[in-house]
1. Compute the Kirkwood hydrodynamic radius of the chain, taking the inverse of the mean of 1/r over all pairs of distinct Cα atoms, and give it in Å to one decimal.
2. Taking 0.36 nm per intervening residue step and subtracting the Cα-Cα distance, what contour gain separates residue 276 from residue 297 on full extension?
3. What is the antiparallel percent of DSSP beta bridges lying wholly in the range 3-339, to the nearest 5?
4. Given the C-alpha atoms of the range 110-212, compute the convex hull and give its volume per residue in Å³.
5. To check my understanding: the extent here is largest minus smallest coordinate of the Cα atoms along each principal axis. What are those three numbers for the range 1-110, in Å, largest first?
6. Please report the orientation-averaged projected area of the range 187-344, defined via the convex hull of its C-alpha atoms, in nm².
7. Taking all pairs of different Cα atoms in the range 89-155, averaging 1/r and flipping that mean, what Kirkwood radius in angstroms comes out?
8. Multiply the residue separation of residue 287 and residue 327 by 0.36 nm, subtract the distance between their alpha-carbon atoms, and state the gained length in nm to one decimal.
Ligand SMILES: [Zn+2]
């Protein structure tokens with residue numbers, strides 16, 4: 001049985017084999033190759049090197065699912081007139097949000113980022129690792145709009161008058177759809193993952209989460225399912241709280257194939273909602289546990305989740321994505337702990 005079968009069977013609600021591990025490594029592969037961030041992003045996206053970095057990390061840590069590129073949340077920021085920063089050993093970040101001024105939105109909104117090289121990285125990863133599950137990583141509607149507009153501005157728009165916010169969200173959904181189409185038509189991925197740090201009902205309020213995030217996620221999910229691909233959704237927020245109980249049910253009712261709980265969630269409560277409806281994903285805290293160690297703590301934390309979720313329809317992840325700067329040795333400790341886990 002392959003890693004890919006372990007992952008995809010879980011998203012299809014019929015788990016086979018042991019619990020697979022998906023660390024959602026977005027830039028950590030750069031440390032595996034010991035190269036600067038600019039080498040991937042500074043000129044045209046370096047697909048060969050990006051794919052090599054993703055595969056080098058996987059060969060060291062032996063996880064079951066990967067993101068098939070070195071990811072930037074701001075792939076299309078510069079095409080819209082914004083500015084990105086690529087620190088030598090750091091994470092790509094937005095230096096100037098392209099639509100911080102509404103004028104720029106109307107001036108630049110027709111422009112498009114050409115995802116061809118990024119898709120090529122996915123293709124190289126996929127053709128060199130047919131046993132692994134390859135996820136396409138994208139930002140969910142409000143999260144993407146926050147990158148374009150700047151989060152503070154977007155929060156103000158959402159609170160005062162949602163018209164402009166919705167225009168930005170809709171542009172983002174359109175661009176995300178085009179990217180997904182490219183990935184799907186090239187058969188570059190086995191599933192789609194939506195990162196959604198700002199699609200957080202504790203931050204934007206459950207009403208806005210439902211009227212914007214869920215509305216546009218529904219459209220995206222329908223499209224992705226038409227391509228025959230499963231979808232995992234990872235909104236931030238405490239969905240195990242009583243206040244968000246019905247919001248969690250509405251999220252699962254979108255037809256998602258997997259729900260990844262973020263930090264501060266009680267996984268046993270989330271499980272009550274996901275059971276028989278979709279796969280549950282999540283696990284140890286990135287900043288408290290994985291970043292700091294030591295090994296004993298990482299292993300204990302992994303065992304805690306595995307004890308509760310081992311017999312469930314579960315894919316082990318961390319609480320959020322992995323970036324360069326996290327110890328690869330700690331990631332290996334985590335993967336080994338999950339793979340050697342025995343229920344006592
Ligand atoms: Zn996250």
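1. Values: mean 1/r = 0.0497 Å⁻¹.
One over the average 1/r among Cα pairs gives 20.1 Å for the chain.
2. Numbers: separation 21, 0.36 × 21 = 7.56 nm, distance 3.13 nm.
Gain on stretching residue 276 to residue 297: 4.4 nm.
3. Numbers: 3 of 26 bridges.
Antiparallel bridges: around 10 percent, rounded to the nearest 5.
4. 105
5. 53, 34, 19
6. Values: hull surface 39.9 nm².
For the range 187-344, averaging the hull's shadow over all directions gives 10.0 nm².
7. Values: mean 1/r = 0.0686 Å⁻¹.
After inverting the mean inverse Cα-Cα distance, the result is 14.6 Å.
8. Details: separation 40, 0.36 × 40 = 14.40 nm, distance 1.15 nm.
Full-extension gain reported as 13.3 nm.
Coordinate-derived values only; no laboratory data. Everything numeric in this text was worked out from a predicted model, so none of it was measured. Positions of Cβ are generated from backbone atoms using ideal geometry, with glycine treated the same way; all protein chains shown enter the neighbour counts.
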